[in-house]
Amino acid sequence: MLAILRDLLRYNLEFRIGLALVAIVLVMAGLSFVSPYPAGDVFVVPPDIPPSITHWLGTTSRGQDVFWQLTLAIRNTLGFGIMVAVLSRVIAIVVGLLAGYSGGWIDRVLMSINDTFIIIPLFPILILFYFVLRDTMSTPLLATIMACLGWAYDARLIRSIALSLKTREFTQTSIFSGMKTHEILAREHLPYVLPIVFSTTMNNMNWSIGIEVTLAVLGFTDINTPTIGGMIYWANQHTALVAGIWWWIAFPVALVAMTFVGLFLLAVSMNEYIDPRSRLARMGGGR
Amino acid sequence: MSALIELDRVSKSFSRGGLFSTRRVEAVKEVSFALDADKPEIFTVIGESGSGKSTLARMILGIHAPSSGQVRLGGRDVATYERRAFMAEVQPIFQNPFEAFNPLKRLDRYLFMTAERFGGATGTSAVDGSVDEALRQVGLSLPEIKGRFPHELSGGQLQRVAIARALVAKPRLIVADEPVSMIDASLRMSIVNLFGRLRDELGLSIVYITHDLATAYYISDRLIIMQQGVVVEQGPARAVLSAPTHPYSRQLRDAVLTPDSAGAFRATHSRKAAETPGARS
Amino acid sequence: MSGAGDAVPVLQVRDLQAHFRTHYFGVNREVRAVDGVTFEVNRNEIYGLAGESSSGKTTLVKTIAGLLKPPLEMVGGSARFSFLPGWDAIGRAPPEVVRAIRWRHLSYIMQGSMNVLNPLRRVRYSFRDFAWRHLGGSKVEFDARVVAHMERVKLDPSVLDAYPHELSGGMRQRVTIALATICKPDFIIADEPTTALDVVVQKDVLGMIRAIQCEMGSSILFITHDMGVHAALTDRLGIMYAGRLVEDGETPEIFSRPLHPYTRHLIASLPRIGDTEQREGLDGTPPNLAAPPPGCRFHPRCPLAMPVCTTIVPAMVETLPGHRVACHAVNPGMAT
């Protein structure tokens, strides 16, 4: 694993830039643990101060320091994205591999569920959930709902790979070596699916962070948990742009854009590295 | 006389086509033959693409169920076997040795897994011992193979490992689907000879599926010739191939090109060569 | 019987070298797939190239045809065509020059005939796409020429109105041969054109290739690993092993008097119907071209290997008239 990181650092520019961007974002998130101000409190600093030596990124109209507020917001937003990505990946891998490998009625049942999830409109459902759950709506709950809505497309992608893997001779060798279905899926087929899982993880994080920001800006989330979207929501509530408090919106947007680009570059470079063909070439094989 | 494997009027049809026009394609039609349990032999199925020989192999291996008829192992319908109990008796060898093992995984895991699950070996030393024994039967050894990846071996070596893996399960029957067609010419005969040794020394029966009449003649005891799912001729391999009676068998035999057919197309087609023999010096 | 060729070289390959160079995350590999190959193909002959999967025969042909794509690079030597004067390899000529000779002077018959025929269009349009601009003339004239050509190669012109998927594999391969020969090219490269075909169909297709070649007097470089096909079809034959040519000469001569131990083994190991003699495989494995053995690349598997074989590369020597071989045991005292 360390050797992989070293190789990537040494030979891949995308990886270096992506890693630098994500590292900055992570350091920001980490700093939230040493924040001098309590997270939820308002009017702890003088409001509406532009960026300065004492308040690097300025302060909000609610009397919060933008920098320290951002550290907490990006931590929550990233955590949300990771939660959605991990949960939806697990569902997508299990459903995709199982459907592709099993075929027959298992495939038909799983894929009809899958197609249902692909076509149901996402946004109205999320808003519906918000209105039904309202007070009990929390970040983990929203993440679970998003994960349940965000796996279907990738499951189909994984299924198509599993379908072709099933016809390869080594699958028959595995069967006749006495491997059980779950062993074949986890040990023989998973490595071929991983490149797609990796790139879709980053994409899925970007997608879920985007949705979360959108929902939060519109006020359809738990606005008391500071997130990037939540910050923009409050800025809008205080008509920050009209009032000329640009730093209240500009810095959260810049940070989330940095996250997007960083994750994207990591996905691209990891993809190239983990691809079985490139892996084989490095092992000295490949014909 | 008891039969090791017995095919009783086995047919297989697939449905082809889309939503509105499905048609049944009969890949194998009413094929019957039996291999004697007490007399190990290499039984060859000869056919070209579309002859149904691979479908037949997959039915013997229990991968496909016949549409009609029965495949019996030791007198019992294959469909009634518990899958693993069946695999301990019948093992496959495939066409492409480079595809037979996952290129990202070490080779030995397939051997160890087979030894644990079918070979009845428990404990590291017993597993190592049975894998090493099987590898030595094919001219390799465990130290040579341990920890190696498929791309580190040649096609011939890989096919030996594939055969060793099948042997680890201590099966009574091996089904080999075109096992030498992708092996380089210089290594091919060693693999073919290995099948002969398995029959003679280990008493294994082998169903050898091939399109190559020359190796069939060289190694097999009995054969059937298939054309579009139907057996057109069967009998002792050398008798049938020396004097085929069915028109299709004769056509096949006559199309085989060997070093002895030198100049076949020059003699019949080359006007120039016929007019000026020895023009080049 | 002697070959049909006129001793006028159409293709002259001199010390050709082509390597695969890959670079993945700091792991550099150089695979010397073709390493110093010299031979000639004369006018009006079929020159066969035989070799195993790692022998480099397909790489050699790609290099000769100028179909070089990274990581494959032509590293040295030359491959001159008589119809392309002034350039020492197609890969080094400018694209417009290459476009002008492709199909007109040089055409290809490949293993996967589906790759050449456009699957979505009737066969007739594939002919128009490939050959019209080389032959010129009006559409009516061109179509008439295509029909005449189909008749000459004994194909029913109704095939022109079929889609590729409606034809059998053998018929598709005949169509690609018709397509490759309509411009009466000087040189045809045929890379395993019958390997995917059933033996009965293969026999017909080989007969067709020979008949067309005789009629047009063109040259064919014919690649296959199948020694039976070489014996039946080719006029002269080159044997490749591990990226080098080890023997070449007239085909009947090679089969009746093989000199290189590798060739001898290849021919002796072929089983024949009606012959029950024991045949043996060769010990050892084909070499890894990323780290080939020094000296003669066959020496680790060679029954005749001597100390000199492990250090000095044997030169290709004309041991008998028109019959070259690269082996220290056959040509004592010769070295590069």
Listed residue (A:V90, B:S51, B:L204) projecting farthest to the positive dipole end of the protein assembly as shown, Cβ model: B:S51
Using +1 on the beta carbon of Lys and Arg, -1 on that of Asp and Glu, and nothing else charged, what's the dipole of the range C:116-184 about the Cα centre, debye to 20? 180 debye
Nearest 20 debye, what's the magnitude of the dipole of chain A about its Cα centre given +1 on Lys and Arg Cβ and -1 on Asp and Glu Cβ? 900 debye
Take each uninterrupted DSSP H stretch in chain C, measure its Cα extent along the helix axis, and return the ones at 20 Å or beyond whose mean Kyte-Doolittle hydropathy is at least -0.5. C:199-216
Based solely on its DSSP helices, what 222 nm [θ] is calculated for chain A when runs of n ≥ 4 H residues each add -39,500 (n - 2.57) and the sum is averaged over all residues, nearest 500 deg cm²/dmol? -23500 deg cm²/dmol
Filter the DSSP H helices in chain B by two things, a Kyte-Doolittle mean of at least 0.5 and an axial alpha-carbon span of 24 angstrom or more, and list the hits by number. none
Ranked by Cβ crowding within 10 angstrom, fewest neighbours first, how are C:D88, A:D135, C:D186, C:D275 ordered? A:D135, C:D275, C:D88, C:D186
FRET efficiency for A:R16 and C:E30, using Cβ-Cβ distance with R0 set to 30 Å, rounded to 0.05: 0.65
Would you mind getting me the FRET efficiency between B:A79 and C:L120? Use the beta-carbon distance for r and R0 = 60 Å, nearest 0.05. 0.90
Averaged over peptide C:263-271, how many Cβ atoms belonging to another chain are found within 10 Å of each residue's Cβ? 4
Within chain C: Cβ-based charge dipole about Cα centre, in debye rounded to nearest 20 (Lys, Arg +1; Asp, Glu -1): 860 debye
Students often forget the sequence filter, so: which aspartates and glutamates lie under 17 Å Cα-Cα from C:K154 once same-chain residues fewer than 8 apart are removed? C:D143, C:D204, C:E215
Only helical DSSP H runs with n ≥ 4 go in: add -39500 (n - 2.57) per run for chain C, normalise by residue count and round the 222 nm mean residue ellipticity to 500 deg cm²/dmol. -8500 deg cm²/dmol
Just the number: Rg to Rh for the range A:56-193, Cα atoms, Kirkwood Rh, two decimals. 1.16
For chain B, calculated [θ]222 nm from helices alone, where every DSSP H run of n ≥ 4 adds -39500 (n - 2.57): -10500 deg cm²/dmol
At C:A148 and C:R128, where each label point lies 7 Å from the Cα along Cα→Cβ, what is the point-to-point distance in nanometres? 2.0 nm
Please compute the average number of Cβ atoms from other chains found within 10 Å of each residue's Cβ in peptide B:179-186. 5
Given R₀ = 22 Å, what would the calculated FRET efficiency be for C:S78 paired with C:I312, taking r from the Cβ atoms and rounding to 0.05? 0.35
For each of A:C148, C:C183, count neighbouring Cβ atoms within 10 Å of the residue's Cβ, then give the residues from fewest to most. A:C148, C:C183
Please compute the average number of Cβ atoms from other chains found within 10 Å of each residue's Cβ in peptide B:98-107. 6
Final fewest-first order of A:I161, C:I223 on the 10 Å Cβ neighbour count is A:I161, C:I223
For the protein assembly as shown, I need the span (max minus min coordinate) of the C-alpha atoms along each principal axis, in Å, sorted largest to smallest. 107, 76, 65
Distance cut-off 15 Å, percentage of C-alpha pairs in the range A:31-98 lying past it: 61 percent
Theoretical gain in end-to-end length, C:A196 to C:E96 [0.36 nm per residue, Cα-Cα removed]: 32.6 nm
Would you work out the Kirkwood radius for the range A:2-283? I mean one over the mean of 1/r across all pairs of different Cα atoms, in Å. 20.9 Å
Which of the residue pairs B:K53/C:K57; A:K166/B:K146; C:K139/C:K203 have a Cα-Cα distance greater than 29 Å in the structure shown? B:K53/C:K57; C:K139/C:K203
Selected from C:L155, C:A180, C:G170, residue furthest toward positive end of dipole (the range C:80-213; charges at beta carbon): C:A180
Long-range amide H partners of B:I93, meaning residues 5 or more apart or on another chain whose placed amide H is closer than 5 Å, are B:V175, B:A176, B:D177
So how far apart, in nm, are the two label points at C:L304 and B:R197 if each is 7 Å from Cα heading toward Cβ? 2.7 nm
In degrees from 0 to 90, rounded to the nearest 10, what is the angle of the helix A:13-31 Cα long axis to the longest principal axis of chain A? 50 degrees
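All of the numbers you see were taken from the coordinates with simple rules; none came from a lab. Keep in mind that what you see is a predicted model, and the values were worked out from it rather than measured. Here the Cβ is made from the backbone with ideal geometry for all residues, glycine too, and neighbour counts use every protein chain on show.
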